[in-house]
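Peer 1: First the structure, then my questions, so here it is.
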Ligand code: PMP
């Protein structure tokens with residue numbers, strides 16, 4: 001089943017099918033791309049969903065279907081409010097400590113990558129209490145810190161984790177046991193890719209542009225009891241309660257991004273929901289890791305095996321000089337956006353929800369062929 005983005009790339013007069021391994025914004029299901037085009041091209045001039053009032057009936061239906069379907073597919077319990085915000089995970093790095101660390105209290109941070117460090121940096125700027133509960137920085141962030149290395153403060157306001165480290169290709173396959181301290185989870189790069197243990201979560205957040213839509217919408221899942229922590233000195237648009245009390249319609253929401261989110265949610269539903277998606281995501285990543293592991297050392301996985309991410313597969317070539325050629329030739333073969341993050345180098349294949357198994361097989365075949373030709 002071909003659900004990956006098919007970009008027509010013109011290559012010396014030849015047209016090839018491309019698989020888009022972009023780390024985000026990322027590939028959309030092809031049916032969703034078609035629905036977006038149809039909505040805009042097929043609506044009477046001036047009244048497509050992105051040209052309509054966010055207080056009108058058409059948007060209202062989109063907004064509520066997206067909210068309800070997100071709650072159902074993600075099995076989000078009633079005690080957790082779902083908010084539609086803007087500003088990305090980056091704004092959440094500041095909003096979470098601003099709203100959830102009370103004076104004289106502190107939060108714990110697990111440092112599993114540079115995004116986690118950015119989250120900690122914002123707590124520091126706010127002058128909020130903070131503490132590092134564990135770090136894998138001394139290992140080049142090649143793993144998420146193991147449970148036995150984590151030391152949580154039982155009085156912490158929350159324990160901040162990054163569930164998937166996009167740059168390094170590592171993932172927390174189980175949420176850590178924090179001894180009852182609510183988890184604050186940056187789920188930017190594995191949002192809606194697998195079920196979440198909501199009973200451990202105080203707040204979770206992520207933009208939808210990798211796994212569930214286009215840039216512009218940030219989803220926040222917050223336990224309603226935590227809304228009481230906010231301070232009267234927090235500006236209104238920076239308070240979670242503002243959005244919880246207005247059903248995320250306090251001001252103009254990102255209507256286009258919410259519309260696209262709804263289309264992706266319907267697509268996830270048609271595919272059989274999150275459990276089915278998680279199984280497929282596992283099989284996709286396994287295919288690419290197999291190509292790394294069966295290369296006789298030609299390719300070397302960046303992440304330690306137990307921390308390997310299902311979403312971002314990162315590896316280097318034994319001969320680093322060949323890496324630019326690998327990326328270039330892959331592109332010519334229709335496999336695009338494979339260059340690793342500048343801080344890690346090498347190759348990063350992002351296999352979010354809409355990347356097909358077919359795309360992963362095409363990449364694995366290309367890897368084997370490239371190794372044969374250059375080994
Ligand atoms: N956290 C992680 C794990 C990310 O991958 C990213 C984006 N790549 C961010 C945070 C920042 O997200 P945004 O650009 O949506 O603010």
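Peer 1: Go through the stretch 342-354 and give me each residue that's surrounded by 21 or more Cβ atoms within 10 Å (Cβ to Cβ), over 24 Å from residue 267 (Cα atoms) and touching a residue at least 60 places away in the same chain (Cβ under 8 Å).
Peer 2: Restricting attention to the stretch 342-354, the residues satisfying the condition of being surrounded by 21 or more Cβ atoms within 10 Å (Cβ to Cβ) are 346-354.
Now restrict to residues that are over 24 Å from residue 267 (Cα atoms): 346-348.
Within the stretch 342-354, 348 is the sole residue that qualifies.
Peer 1: Scan 278, 283 and give me the residue that is at pLDDT 95 or above and more than 19 Å from residue 208 (Cα to Cα).
Peer 2: Going through 278, 283 in turn, just one is at pLDDT 95 or above and more than 19 Å from residue 208 (Cα to Cα): 283.
Peer 1: Report yes if residue 203 is within 18 Å of residue 74 (Cα to Cα), surrounded by 19 or more Cβ atoms within 10 Å (Cβ to Cβ) and away from the ligand (no atom under 15 Å from the Cβ), otherwise no.
Peer 2: Criteria not met by residue 203.
Peer 1: Count, please, the residues in the stretch 14-56 that happen to be farther than 26 Å from residue 355 by Cα and either part of a strand (DSSP E or B) or in contact (Cβ under 8 Å) with a residue 40 or more places away in the chain (or both). Break it down stepwise before answering.
Peer 2: Kept after step one, since they are farther than 26 Å from residue 355 by Cα, are these residues of the stretch 14-56: 42-56.
The next check asks that each one be either part of a strand (DSSP E or B) or in contact (Cβ under 8 Å) with a residue 40 or more places away in the chain (or both); those that pass are 49-50, 52, 54-55.
So the answer is 5.
Peer 1: If you don't mind, another one. Select from the stretch 270-300 the residues that are free of Cβ contacts under 8 Å to residues at least 40 places away in the same chain and touching a strand residue (DSSP E or B) at 6+ places or on another chain (Cβ under 6 Å) and list them in ascending order.
Peer 2: If the condition is that a residue be free of Cβ contacts under 8 Å to residues at least 40 places away in the same chain and touching a strand residue (DSSP E or B) at 6+ places or on another chain (Cβ under 6 Å), then 300 is the only one that fits.
Peer 1: Turning to a different aspect of this structure: When both residues are 6+ apart or on different chains and their Cβ atoms are under 6 Å apart, which pairs have a first residue that lies in the stretch 110-124 and is touching a residue at least 40 places away in the same chain (Cβ under 8 Å), and a second that is within 8 Å of the ligand (Cβ to nearest atom) and part of a helix (DSSP H, G or I)?
Peer 2: Close Cβ pairs satisfying both conditions: 119/93.
Peer 1: OK, next. When only residues in the stretch 159-174 that are surrounded by fewer than 22 Cβ atoms within 10 Å (Cβ to Cβ) and away from the ligand (no atom under 15 Å from the Cβ) count, which is nearest to residue 344 (Cα to Cα)?
Peer 2: Here the answer is 173.
Peer 1: Pick from 357, 335, 249: which is within 24 Å of the chain's Cα centre (by Cα), at pLDDT 95 or above and buried (at least 22 other Cβ atoms within 10 Å of the Cβ)?
Peer 2: Working: 357 fails: buried (at least 22 other Cβ atoms within 10 Å of the Cβ); 249 fails: buried (at least 22 other Cβ atoms within 10 Å of the Cβ).
Every option except 335 fails the conditions.
Peer 1: Right, here's the next one. Which condition breaks for residue 112 when tested against (1) surrounded by 13 or more Cβ atoms within 10 Å (Cβ to Cβ); (2) over 27 Å from residue 227 (Cβ atoms); (3) more than 16 Å from the ligand (Cβ to nearest atom)?
Peer 2: Answer for residue 112: the failing condition is (3).
Peer 1: Among the residues of the stretch 122-136, is there at least one that is more than 15 Å from the ligand (Cβ to nearest atom), part of a helix (DSSP H, G or I) and under 20 Å from the mean Cα position of the chain (by Cα)?
Peer 2: The answer is no, given that none of the residues of the stretch 122-136 is more than 15 Å from the ligand (Cβ to nearest atom), part of a helix (DSSP H, G or I) and under 20 Å from the mean Cα position of the chain (by Cα).
Peer 1: Here's something else I'd like to know. If a residue must be touching a helix residue (DSSP H, G or I) at 6+ places or on another chain (Cβ under 6 Å) and either within 17 Å of residue 144 (Cβ to Cβ) or assigned to a helix (DSSP H, G or I) (or both), how many such residues does the stretch 291-321 contain?
Peer 2: 4
Peer 1: What about residue 245, is it in contact (Cβ under 8 Å) with a residue 24 or more places away in the chain and away from the ligand (no atom under 16 Å from the Cβ)?
Peer 2: no
Peer 1: Could you check how many residues of the stretch 180-204 are over 9 Å from the mean Cα position of the chain (by Cα) and part of a strand (DSSP E or B)? Give the steps one after another, and end with the answer.
Peer 2: Pass one, the stretch 180-204, residues over 9 Å from the mean Cα position of the chain (by Cα): 180-185, 194-204.
From what is left, the residues that are part of a strand (DSSP E or B) are 183-185, 201-204.
Total meeting the criteria: 7.
Peer 1: To continue, here is another question. Might you check whether a residue that is at negative phi, in contact (Cβ under 8 Å) with a residue 60 or more places away in the chain, within 14 Å of the ligand (Cβ to nearest atom) and part of a helix (DSSP H, G or I) occurs anywhere in the stretch 81-91?
Peer 2: Taking every residue of the stretch 81-91 in turn, at least one turns out to be at negative phi, in contact (Cβ under 8 Å) with a residue 60 or more places away in the chain, within 14 Å of the ligand (Cβ to nearest atom) and part of a helix (DSSP H, G or I).
The values are calculated or read from the model by the stated rules, or taken from the named source; none is laboratory data. Values in this document were obtained by computation on a predicted structure and should not be read as measured data. When we count neighbours, we look across all protein chains shown, and the Cβ atoms used for this are built from the backbone with ideal geometry, even at glycine.
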